[in-house]
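To start, the structure itself, in structure tokens.
The values are calculated or read from the model by the stated rules, or taken from the named source; none is laboratory data. Because the structure is predicted, anything quoted here is derived from the model rather than measured. Note that each Cβ is placed from the backbone with ideal geometry, even for glycine, and that neighbours are counted across all protein chains shown. Areas reflect the complete protein model, heavy atoms only, side chains present, ligands, DNA and RNA absent. Shrake-Rupley method; radii C 1.70, N 1.55, O 1.52, S 1.80 Å.
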Amino acid sequence: MIVPIDRKDQTIRPHVRDPVATIADVARLAGVSRAVASRALSSSPRPVSADKRERVLHAAAQLGYKPNLLAQSLTTKTVNLVAVVVNHIHDLSDLDLFDRLLDAIQSIGKQVILIRIGSVEGVEDFLRNGVAYHVDAAVVFSDFADAATVRRMFRSDLVIMLNGLHDELSPIVIPDEAVGIVEAVADASAKGVRTASLLTGRSSSRVEQLRVGHYLEAFRRHGIELLQTVQGDYSYESGHAAATGLTGRNCADAIFCTSDAMAMGVLDVCRSDFPGNRPSRFRLYGFDNVSLTNFDAYPISSIGYDKSDYVRHIVGAISNPEVFMPGQPPVVILTRLISRLTA
């Protein structure tokens with residue numbers, strides 16, 4: 001033990017640390033039971049009156065009390081962690097959505113660990129190296145892992161699948177993209193569009209495969225000829241790179257992009273074709289309805305859905321896992337066309 005020495009009288013006295021406040025101290029000062037104090041300081045669904053909660057919070061602040069998260073996890077058998085599994089976060093639509101999702105997850109008393117898996121090999125490395133995070137739930141955007149694999153990765157039965165690779169044991173929340181795509185193609189057809197080009201994302205994505213299929217069916221239904229399909233990767237850069245080839249001598253009447261970021265890249269290369277942001281040579285449609293499309297610089301007609309409703313269903317599945325029944329049909333969020341100047 002290190003002890004301070006008083007130079008005046010050379011008396012050796014032990015250094016005594018201030019005692020660490022406990023939940024019992026907080027309860028005593030607030031005038032409540034330990035159980036009530038514990039519930040007031042946690043994300044427990046059991047109710048605590050506003051008056052008692054305020055007294056407990058005030059007492060905790062006064063004593064400098066910090067909850068023991070390990071002890072809480074042993075009591076509740078939860079760790080208050082949610083894994084969000086993604087391919088990448090370079091698409092603007094990801095930023096719009098993840099900000100809402102992280103805020104909503106934190107509002108129920110849990111924190112997020114973000115796991116980036118950019119390939120099938122990344123999943124295999126994760127499993128081969130024995131890396132395992134103990135989490136209460138996993139929310140899966142990445143299309144490189146199916147539900148059974150994710151359950152192995154995180155040793156958790158609560159795996160919420162958003163990538164089309166679900167099974168009967170996993171809750172599913174997914175936008176119905178066909179509705180918005182049909183609206184967008186019908187809008188183009190009504191404006192005289194007879195030919196189209198399609199700028200797509202990654203072909204290995206199950207969600208992208210279904211999305212492209214919806215476009216092809218809508219083109220067929222409205223008698224629109226597809227002149228060419230060019231593959232991008234959802235990014236602004238890939239749209240920018242594809243623009244010249246898409247808008248050459250045989251430019252289609254409309255270009256449909258499967259992400260707004262790619263549509264922004266096309267628009268920036270072809271600004272001369274959009275005087276006052278209005279189409280003079282071809283119409284331009286995006287997908288995702290990112291927040292930037294509400295600004296004057298990128299007024300792109302886009303297909304979107306209610307992201308708040310989407311996040312609400314995801315967080316509901318995390319908060320109330322007992323509600324889900326195996327084999328339950330997906331929760332479907334409708335999409336729609338948001339018309340703007342470029343179309």
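Quick rundown of the values:
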read-out	value
Selection status of ALA343, among the aliphatic types (A, V, I, L, M) and part of a loop (DSSP other than H, G, I, E, B)	yes
Qualifying position, being assigned to a helix (DSSP H, G or I) and modelled with pLDDT of 85 or more, among ALA138, ALA104	ALA104
Hits in the range 52-82 - residues which are at pLDDT 85 or above, farther than 16 Å from ARG28 by Cβ and either open to solvent by 90 Å² or more (accessible area, probe 1.4 Å) or assigned to a loop (DSSP other than H, G, I, E, B) (or both)	GLU54, ASN80
Tally, over the range 283-337, of residues that are acidic (Asp, Glu), closer than 27 Å to SER235 by Cα and open to solvent by 40 Å² or more (accessible area, probe 1.4 Å)	3
Residue within the range 87-100 that is open to solvent by 20 Å² or more (accessible area, probe 1.4 Å), in contact with a helix residue (DSSP H, G or I) (Cβ under 6 Å, 6 or more places away or on another chain), in a helix (DSSP H, G or I) and basic (Lys, Arg) present	yes
Residue list for the range 180-205, restricted to those being assigned to a loop (DSSP other than H, G, I, E, B) and open to solvent by 10 Å² or more (accessible area, probe 1.4 Å)	LYS191, GLY192, ARG194, ARG202, SER203, SER204
Residue count for the range 256-311, restricted to those that are hydroxyl-bearing (Ser, Thr, Tyr) and part of a helix (DSSP H, G or I)	5
Of all residues in the range 210-255 being outside any helix (DSSP H, G or I) and of a type in the set (Gly, Ala, Ser), the one that is nearest to PHE295 (Cα to Cα)	SER235
Matching option when the condition is in contact (Cβ under 8 Å) with a residue 60 or more places away in the chain and under 23 Å from the mean Cα position of the chain (by Cα), among ASP233, ASP260	ASP260
Residue in the range 145-162 that is within 18 Å of the chain's Cα centre (by Cα), under 30 Å from GLY327 (Cβ atoms), at pLDDT below 95 and among the small types (Gly, Ala, Ser) present	yes
Test result for ASP91, among the acidic types (Asp, Glu), at pLDDT below 85 and closer than 24 Å to SER319 by Cβ	no
Residues within the range 163-179 that are surrounded by 19 or more Cβ atoms within 10 Å (Cβ to Cβ) and in contact with a Ser or Thr (Cβ under 9 Å, 6 or more places away or on another chain), tallied	4
